[in-house]
Structure formats: C-alpha cells, structure tokens
Amino acid sequence: MDNKRFSNLVEPHLDALFRAAYRLTRNRADAQDLVQDTCVRACARLDLLDDSGPVKAWLLRVMHNLFVDGVRRERSSPVTRVAEAGDSMAQAICPAPTPEQSLDSRQRAAQIERAWSRLDRGHRALLALRAEGYTLAEISAITHIAMDALTMRLYRARQSLTRCLHEDQAPPAMPMEAAR
Amino acid sequence: MKCLEVSLLLDSSLPGSLGRAQHDAIEAHLSTCVACREDWANWREISALAVPAMPEGLRARIAAVLPAQRRAASRTALRPLLAGGVLLAGAALATTLALRFARQNTEHVAASAAGASTAPTTGIVDESVAPAAGVASTGNDRQTQGASAQPVRTVTQRGALMVVVMPLIDNSDDEAGKAAVQVFHASLLDGLRRLPGLRVMEAVAGAAEVAADYRITLTGQGSASAGKFVADVKVEKPSTGPIPNVSYLQSLMAGDIEPDCARLPARARDSAAGDCADPAGLAHKMIETLRTTVFPPDPLLSQQLKDTLANSALDAGARLQAMEELVWVHRNGRVIVGNADPNPLAGTDVVRSAIDVGMSAKDPAHRAYVWRSMRGVREAALVPALLATLERDPDPSVRVAAAVTLDADYLDRPEVRVAFEGAARTDSRALVRALAQRALAGGDAGWREHIAASLRDTTLADAERIEALFHDMHLATTQPFGSWSPGPSLALQYLDEPAMEALAEVLPRAAAGSPVIRMGTVTLVSALEGRDGPAIRALREFVNNPAPAVMPGVIGARAPP
C-alpha cells in the first residue's frame, strides 16, 4: 500500500472518523487512539479495497469492530473509565456556566459519563453513530446488523441508557482520581 | 401508538419529514408515556453533546505510525518463513538465528545496560521461556539484568508474542489495600504465563524500554477503610522511537478486598471462575478479556469452543452459541493480525460438528443458522449434507439457507447443479425455485425479475409476494466470515415503477399480519432514501401515517422481549 493511496482513500475521512470515535469514547485521547488504530488496521487491508466502494462506511466498520469486538468480554466486568482532566462531558455540556449551573452541570455530566461508560459497547456504538447523524441504512452497512434488527437494538439501547442513568444514583465504588 | 413504534418512526425519519398525523401521534404518546419521554430526553442530551474538532496533530501522528506498522507487518510475515527454515536447516543454524534475533530485539536494552553500569535495578526477567542456547539464562526469581541477561526471542517459540509486564504502580492507602493489589498483580502474571503462545516478561523498576508486542501497565490502589480496590490495566504496543504507542485496551476494574463470595451461586464462589469481584477473580476476568479480545486467538480457547460445538449431549442452542463465539473470537483476531487468521469454521472437526447440529436440530431456525454460517467454509464434506437439506428438509427457510450456501461455494460441482435443476422444477416454495434458477442461470437479471414478478403476482399470498425481496435485503446484511457487505438490498434499487407500485399495494397488508414484515417495512423505506416516485411516496406515507384499519396494532403491538 502506498502513501498516496492512503492519502486518497482514508485521509478525506479522518474528520468523520474522529467525530465518530469521540462519540464512542467521549474522550479526546481515546478517540485519537481509536482513529489511529483504525487507520493501522485499515492500512493492512487497503490494497483489497475498491476505490469506488464505500470507503467511509468500511473505515467506520473497522472502527466499530475495534471498539465493540475489541472489548467484547469486558461488558461483564465491573469496569469504569477514568475521565481525563479537562476533557469531560461537563465541558461539552456547559461551556460557560454560572457557579450554581456549573455545579449542577458537572454533576449531571459526571452522571452521564458514568452511565455512558457502563453502557454495553454495542449499544454505545449504535447510539454514537445515530447521534452523529448516520441513517439506519448507513448504520446497518457499518455494523452489519440487519435493518430490522437494528431498529429494535436502537430502541433497547436507549432503554439501557436510561437504566444506566438510574443505576447511577449510588456513588461509584471508589473513584481512583478522587482517592488520589 | 406504542413505545417501539415511536422509536422506529423517529429513527427512520429524516428531520422535519414526519407527517402531521404521525407527529401528533408521537406527541400524544410522549405526553403520557414517562418511560419513552425519559428515554428520548436522555438520548437527546447525549446527542447534543459537543464534539471537538479533530486535533491538528492527529494527521501527522497517523502518518508517522503507518510506515512503522508496515515494517512490523513485513517482519511478521517473514517470521514463520525464518522459523520454518530453521527447522529444516538443523540445530546449528537455529542457534545462530536465535542469537541474531536476540541481538535485534534487545539492542537498545543492551546498549542501555552497557552504557550505564551503575544504573539502579535495570532489568527484565523472563519467566516463561527456556533461554536459547548461547544466551545467558534467566531465572524464575526476579533479578537485576546486566548486559549478559537479556530478553530473547527464541525461534523455537514460533509465533510467540512477547508480553512485557511493567512494574506494579501501587498507590494503596494501607497494607490491606496493598495486599489486594499485589494479589491482583500476581494473579494477572500467573494467568498470563498460563496462556499459550506468549512469552511473558516482567520488567523491573527503571528498566529500559524493550521491544515487545504488548506492554501491560498496572496501576492499583486499595483501601481497607473503603473495603475496595481498583486496578487500572493498560495494554499497548510500546513505541521504540518517536512513534506513539498503539493502545489496545485500558480499563479500570473495581473490586472488594474481602467480598462475600459465599452469597454468590456455588459456581461463582471459586474466584478462579472470575465471577467473584475479589482480586484474583478480577484478575481472571482481565485475563479472559485479554485472551479473547486483545491477543490473537489462542488454540486452547478455540478448542474449548469446538469441543462444546461437538458435544452432542448439549442442546443445539448451546452448541450453536459456541459456534458463534468461535467466529467472534477469531473475528477479533482478524482485526488484530489482519488476513492471517483463517475461517474458524473451516476444518474437519468443526464441519463434522456443524453437520451433526444441522441434520439433527429440531428447531428449523437452528438448522438454517448452521447452513447459513457454513457459507464461505468451502469444505467438500458439507456438500452431501447441504444437498440432502435442499432436497428433503421440510422447512423452506432451511432449504433456502442450504441453497444460498451451495450457490455461493459449490456451484462448480455437477451434483450440486443437478440438485438445483431438481429444486428449480419441483420445490414447493417459489423462493427456493427462484434461488435454484438464479444459481443455474448465473447473474442477477433473472433473480431481479423474479423479485419484481413476485411482487406483481396477485395470485400469490401477500407474504409470498414480498418474500424474495425481503430475502435479498436480509442476505445483503449478513455476510460470511471475513467478507464486507456493500449494504442493504441492491435488488431494491433495481425495482421498476410497476414493481414499486405492487410493493406499495401489498406491503401494508403483509405488514398487518407479521411483526417481522412490520419491522422490515420501516427499514425498507429507510433504504429507499434518495429515491422518489409516486409508489415510494406512498410507502413513506404508509410508514409515517399508518391507517389503523389497514395496519392494526402497527409496529409496537408487541413489547420487546
């Protein structure tokens, strides 16, 4: 695979890849890692790709597989993600709040972040792609989920998100950052 | 309007495209259904979160890492050839190559140790692999590494991946917490050493960077007062230069220092099973995560799943779950190692097990699943079973699955063509006959005509009129292992206006009688995005404003399981 081919086929989609990766991970550093890993995996198979084919969907599929399959077994583990300082949902939700708003927003943002990290990765991927504006047909092509099953899964994903938010009423077991 | 219907319509409609009646119905539902209102409010909140612009340095970072990745891929491709050559050439050459590998892989470690002889506790301990001839041995105890105690990549461990576990970073508050973290760390190391195909090395504090396939960093913290501990595990491909590390996994696991595992079901009390959130149990979970999702597929795990598939004492569902798991595990390996991983369902044992399930399962869905999954395997042993299924299985959906796989993989065999000729003439189901004719004719023109003709054929039952189109839509999004699908239904794009009109006429009636078709209707219309015409507008109108008399209960008549 030559650099020109990579430049022609992949680089035009890097912005879209990063946006999707950020939706998936809610974290700038992880999103960059995910995009990089996607490019590395894609690079190995780029020679097989038809130039006129759906390159963007293919790249998003590689990313989706990395994100969902890559930690498939992790879903049964009591895993939480440590938020990066200065890169949390709080900033995304409320960029310039009053002090009172700031407190509420930070609490809400932290709650959403915890719920999002607990959400099944497959559900997270579907919601992230939908939030990014991809249609059902596009998401079906990216995830290889038949469209009739996809609509049901999206429905369940939203239910799961609400459930995770409800379960978040209790404080987390022991936030490492706070303990430090 | 039901909850699921609201979800389907909102998901499948473009912004602003909802009809007035449908919009009002959704509003009415949301005003009374607290669950839906909350689901959608939460979802909208998540959707509205800002996404930052792509960092400026990412493009350069990727440009920097790709050439290195290509070099690594080249090395990986050469390694088996070198190892194979070693086996043929004899022990003397093997020793030479082993030394060469050792030098290449420890170059900067050796340089560091030689240039800084007074450096504090610099070292790597290899505890999993016998040292290669001519290289200083490493013991089972942690030891300080000098220039003579270097990590080695032995050619006798063909295909082995080097895993370096970095020194434990323990931020525990007290001794009990520290003990929990150390148990986690020790269990993690122990579990890694038991995995086949890995060379596990433990780095000592201050060690220089060493070339490795995976670097695992564990940061732990425990607190007796909280009764908790956390373990932050990071797995990455370490950089050997200015190239950034490639991150494989980072997860923060939280557990109890002394969990009450006795309250768990008997099966879960053994922490080795990984169900109890004690340090050893969580370490076991992490090992399973690494084993199944980070490291390339290991033979033992594959064998366990194959054994489950082969176990005729289990019911078909459990056996097929193992089969699905086998594909998943290898699909991950495929992501990690590229195209090197073959289809895990190929091979005599798996094929024999699959045939057993496919021929004996009582549930037609199980039998159909087997034959669909065997698409792409291309094993001769499958042909008689597929032919028998095509000719004699009483369920048309199973015969369809067999026909699809025979067409995809075995059409060059005379006996398959003979069977298709028979099915094309005599099968009781039109879809099977059409698939057989499609296989014999080659090309899709006849098939597309069959889809269109079926839609127009008013002598058929409604479900049969749309059967071929729905089969085509489903097949387009279910591809065999390792294949890439172009997306939903190509045939849909070729339907002419009369066929579209027939579809618009038959679909509402067919949807009224089948939840599956009701679901498919929404997705079908979604797949028609970008096309227009009277029939397509009628279909959109039907989806957006279903008339209760025509479509009673509509999509959400049944709550999801």
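Read the figures in this text as sums done on the coordinates, not as results from a lab. As the structure is a computational prediction, the values presented were derived from the model and not from experiment. Virtual Cβ from ideal backbone geometry, glycine too; neighbours counted across all protein chains shown.
The mean number of Cβ atoms from other chains found within 10 Å of a Cβ in peptide A:119-129 is 1, as a whole number. The H on the amide N of B:GLY220, modeled in the peptide plane, is under 5 Å from the matching H of B:ILE169, B:ASP170, B:ASN171, B:ASP232, each at least 5 residues off or on a different chain. Hey, how much of the P(r) for region B:279-391 falls beyond 23 Å, as a percent of Cα pairs? When every Cα pair of region B:279-391 is considered, 33 percent fall beyond 23 Å.
Phi angles of region B:294-301 translate, via the Karplus equation with coefficients 6.51, -1.76, 1.60 and θ = phi - 60°, into HN-Hα couplings of 10, 6, x, x, 9, x, 5, 5 Hz per residue; Gly and Pro are given as x. Fewest-first ordering of B:LYS237, A:LYS4 by other beta carbons within 10 Å of each residue's beta carbon gives A:LYS4, B:LYS237. Counting only other chain Cβ atoms within 10 Å of each residue's Cβ, the peptide B:278-287 averages 1.
Ordering B:TYR494, B:TYR410 by the number of other Cβ atoms within 10 Å of each residue's own Cβ, fewest first, gives B:TYR494, B:TYR410. Counting Cβ atoms of other protein chains within 10 Å of each Cβ in A:26-39 and taking the mean gives 5.
Backbone phi angles across region B:403-417, fed through the Karplus curve with coefficients 6.51, -1.76 and 1.60 (θ = phi - 60°), yield HN-Hα couplings of 4, 4, 6, 4, 5, 5, 10, 10, 5, 7, 8, x, 5, 6, 5 Hz in residue order; Gly and Pro are listed as x. Going from the fewest other Cβ atoms within 10 Å to the most, the residues B:VAL51, B:VAL200 appear in the order B:VAL51, B:VAL200.
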